[in-house]
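Novice: Pasting in a structure now, in structure tokens, and then I'll have a few things to ask.
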Amino acid sequence: MKTIILGIESSCDETSASICIDGKVMNNIIATQSIHKEYGGVVPELASRAHQKNIVLVVESALKGAQVKFSDLSAISVTQGPGLLGALMVGYSYAKSLAFALNIPIINVNHMKAHILAHFIETPVPIFPFLCLTVSGGHTQIVKVNSAIDMVVLGSTIDDAVGEAFDKGAKLLGFSYPGGPQIDKYAVSGNPDRFPFSESQIKDLNFSFSGIKTSLLYFLRDHLKNNPDFIKENLEDICASYQKHLISMLMKKLVLAAEKTRIRQIAIAGGVAANKELRTQLKQLSQKHQWMSYIPEFEYCTDNAAMVAISGHLYFQNKSFGQLTDAPQPRMSF
Ligand code: KG4
Ligand code: ZN
């Protein structure tokens, strides 16, 4: 009998559903909420309302696209946390009701672990144990992945996530939310060596990104005093320089983690893994250090249900099921 998993993701501002059949991801339907652009960040209440509107259509579209009926499903995997409570509740309550009605198991998925397990959607897959630099809007971690169910965090940020540093920096430059992709775009034609920004010096494998964001704030304030058009005239170079230092901080820690663990299977995951320069730098470092590197397709970097569906498939093999009495966990630990 086939194992057919419906994956549901609703932790932030993407409502997404995906079908995975015997480990093969069939589709990845995503409804992105553009309403948050006007507000400079995700507004939790608006996110929940949009999920509520989208969820039924998104799930129906995933089922239809894979030619699967509700009655064919083996289990439903759903993001339990971390994320926004109201947003999680929409996907989670929907998943529980459906699991109850169909009398099939529910599978609880940790969003950050799902970003890592996105590497099992396509081949070649990383060989255990591998290191994964997980970089998103809410988290920045280096994880040692021993198996699909055994992951150990080796280092993480002590303040802002790198995605937050991209987004807050982008906001200072006048971009709308999320600004990370805009910095990426403008940086392509800029000079990364033109402006220095101070990189944090944090011990071990931990990160800190709040200092560099403040250094951009003061830098812009000083230059705008003398020239109100400073940003407009230097946008590409500012983006390239700021981005260069953010990525350099990530890469230094990744090299250190690889040295410490002697692991040469290196992956990146999460929204910021869509960044072109980060992807290029990882390829270059891989050549230098003879790493085998793994970079997900763009659609599997930012939030998506395909990563939740593949996680569900892997957990299904282990019979790791949740209970209908479980609840979403906005601060779910790793
Ligand atoms: O994983 P994700 O979609 O959502 C969370 O789990 O947080 O990550 C979103 C983050 C945002 O901060 C966004 O600006 C950033 O990923 N991001 C990028 C790029 N694409 C998305 N940052 C830099 N360059 C990109 N191309
Ligand atoms: Zn995410």
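Novice: Suppose every K and R has +1 on its Cβ and every D and E has -1 on its Cβ; what is the size of the dipole of the chain about the Cα centre, in Debye to the nearest 20? Present the calculation step by step, with values, prior to reporting the outcome.
Specialist: Values: 31 positive and 29 negative charges, 110 e Å.
For the chain, the charge dipole is close to 520 debye.
Novice: Using only Cα atoms, locate the centre of the stretch 192-221 and the centre of the stretch 93-132, then give the distance between them in Å, rounded to an integer.
Specialist: A separation of 34 Å, based on Cα centres.
Novice: Give me Rg/Rg_expected for the chain, where Rg uses Cα atoms only and Rg_expected = 2.2 N^0.38 Å with N residues.
Specialist: On the way: Rg = 20.2 Å, N = 334, 2.2 N^0.38 = 20.0 Å.
Computed over Cα atoms of the chain, the ratio equals 1.01.
Novice: Just going by the charge dipole of the stretch 59-180, with Lys and Arg at +1 and Asp and Glu at -1 on Cβ, which of Phe166, Gly179, Leu98 is farthest out on the positive end?
Specialist: Leu98
Novice: Could you tell me, in Å, what Rg and Dmax come out for the Cα atoms of the stretch 124-295?
Specialist: 16.4, 55
Novice: On a full-extension model of 0.36 nm per residue, what is the gain between Gln317 and Phe298, subtracting their alpha-carbon distance, rounded to one decimal in nm? Walk me through the numbers on the way to the answer.
Specialist: Working: separation 19, 0.36 × 19 = 6.84 nm, distance 2.70 nm.
Length gained, Gln317 through Phe298: 4.1 nm.
Novice: Taking the 0 to 90 degree range and rounding to the nearest ten, how far is the long axis of helix 44-65 tilted relative to the main principal axis of the chain, both from C-alpha atoms?
Specialist: The answer is roughly 50 degrees.
Novice: Additional query: Provide the descending list of Cα extents for the stretch 37-153 along its principal axes, expressed in whole angstroms.
Specialist: Principal-axis extents of the stretch 37-153 (Cα, largest first): 40, 38, 23 Å.
Novice: Starting from 0.36 nm per residue, how many nanometres of slack lie between Ile149 and Lys37 once their C-alpha separation is accounted for?
Specialist: Working: separation 112, 0.36 × 112 = 40.32 nm, distance 3.59 nm.
Full extension of this stretch gives 36.7 nm more.
Novice: Please give the contour-minus-distance gain from Leu217 to Ser189: 0.36 nm per residue of separation, less the Cα-Cα distance, rounded to one decimal in nm. Present the calculation step by step, with values, prior to reporting the outcome.
Specialist: On the way: separation 28, 0.36 × 28 = 10.08 nm, distance 2.20 nm.
Contour length minus Cα-Cα distance gives 7.9 nm.
Novice: DSSP loop (so not H, G, I, E, B), at most 13 other Cβ within 10 Å: list which trypsin sites (Lys or Arg not before Pro) in the stretch 245-299 pass both filters.
Specialist: Details: sites: Lys252, Lys253, Lys260, Arg262, Arg264, Lys276, Arg279, Lys283, Lys288; in loops: Arg262, Arg264.
When the trypsin sites (Lys or Arg not before Pro) of the stretch 245-299 are filtered for loop state and at most 13 Cβ neighbours within 10 Å, Arg262 remain.
Novice: Take the stretch 241-334, compute every pairwise Cα distance, and split them into 10 Å bins from 0; I just need the percent in each bin.
Specialist: 13, 35, 31, 17, 4, 0
Novice: Mind checking the stretch 52-132 for chymotrypsin sites (Phe, Trp or Tyr not before Pro) that DSSP puts in a loop (not H, G, I, E or B) and that have at most 10 other Cβ atoms within 10 Å? Spell out each step's value before the answer.
Specialist: Details: sites: Phe70, Tyr92, Tyr94, Phe100, Phe120, Phe130; in loops: none.
In loop regions of the stretch 52-132 (DSSP not H, G, I, E or B), there are no sparsely surrounded chymotrypsin sites (Phe, Trp or Tyr not before Pro).
Novice: Percent antiparallel among DSSP beta bridges with both residues in the stretch 124-295, to the nearest 5? All intermediate terms of the calculation are to be shown ahead of the outcome.
Specialist: Working: 11 of 19 bridges.
Antiparallel bridges make up about 60 percent of those DSSP assigns within the stretch 124-295.
Novice: Would you please give the FRET efficiency between Val255 and Gln290, computed as 1/(1 + (r/R0)^6) with r the Cβ-Cβ distance and R0 = 22 Å, to the nearest 0.05?
Specialist: Values: r = 12 Å, r/R0 = 0.57.
Once the sixth-power term is evaluated, E becomes 0.95.
Novice: Now for a different question. For the stretch 124-295, what relative contact order do you get, as a whole percent, if you take Cα pairs closer than 8 Å and at least 6 residues apart? Let's see the in-between values first.
Specialist: Numbers: 311 pairs, mean separation 49.1, N = 172.
It rounds to 29 percent for the stretch 124-295.
Novice: Taking the Cα centre of the stretch 92-221 as origin and charging only Cβ (+1 Lys, Arg; -1 Asp, Glu), how large is the dipole, in debye to the nearest 20?
Specialist: Numbers: 10 positive and 10 negative charges, 49 e Å.
Dipole about the Cα centre, nearest 20: 240 debye.
Novice: Say R0 is 35 Å: what FRET efficiency, to the nearest 0.05, do Ser61 and Lys283 get from their beta-carbon distance?
Specialist: Working: r = 35 Å, r/R0 = 0.99.
The computed FRET efficiency comes out at 0.50.
Novice: Right, something else. Placing +1 at every Lys and Arg Cβ and -1 at every Asp and Glu Cβ, with all other atoms neutral, what dipole size does the stretch 124-295 have around its Cα centre, in debye to the nearest 20? Can you show the working numbers first?
Specialist: On the way: 20 positive and 16 negative charges, 82 e Å.
Dipole size: approximately 400 debye.
Novice: Right, here's the next one. Tell me, what HN-Hα J-couplings in whole Hz come from the Karplus equation 6.51 cos²θ - 1.76 cosθ + 1.60 at θ = phi - 60° for each residue of the stretch 182-199, using x for Gly and Pro?
Specialist: Whole-Hz 3J(HN,Hα) from phi for the stretch 182-199: 6, 4, 4, 5, 6, 5, 4, 9, x, 9, x, 9, 6, 10, x, 10, 6, 8.
Novice: Would you please give the residues with an amide H less than 5 Å from that of Ile104, counting only those at least 5 places away or on a separate chain, with H modeled from the backbone geometry?
Specialist: Hits under the 5 Å cutoff: none.
Novice: Give the residue from Ala306, Ile127, Asn27 lying farthest towards the positive end of the charge dipole for the chain; charges sit on Cβ (+1 for Lys and Arg, -1 for Asp and Glu) and the dipole is referred to the Cα centre.
Specialist: Ile127
Novice: 5 Å is the cut-off here: which amide hydrogens, built 1.01 Å from N in the peptide plane, fall below it relative to Met26, excluding neighbours closer than 5 in sequence?
Specialist: Close amide H contacts, sequence-distant or interchain: Ile19, Cys20, Ile21.
Novice: I'd like to compare 303-313, 138-148: which one has the highest average count of other Cβ atoms within 10 Å, and what's the full order after that?
Specialist: So the peptides 303-313, 138-148, ranked by packing, come out 303-313, 138-148.
Throughout, read-outs are computed from the coordinates displayed, never taken from laboratory work. In this text, all values refer to a predicted model and were calculated from it rather than measured experimentally. When we count neighbours, we look across all protein chains shown, and the Cβ atoms used for this are built from the backbone with ideal geometry, even at glycine.
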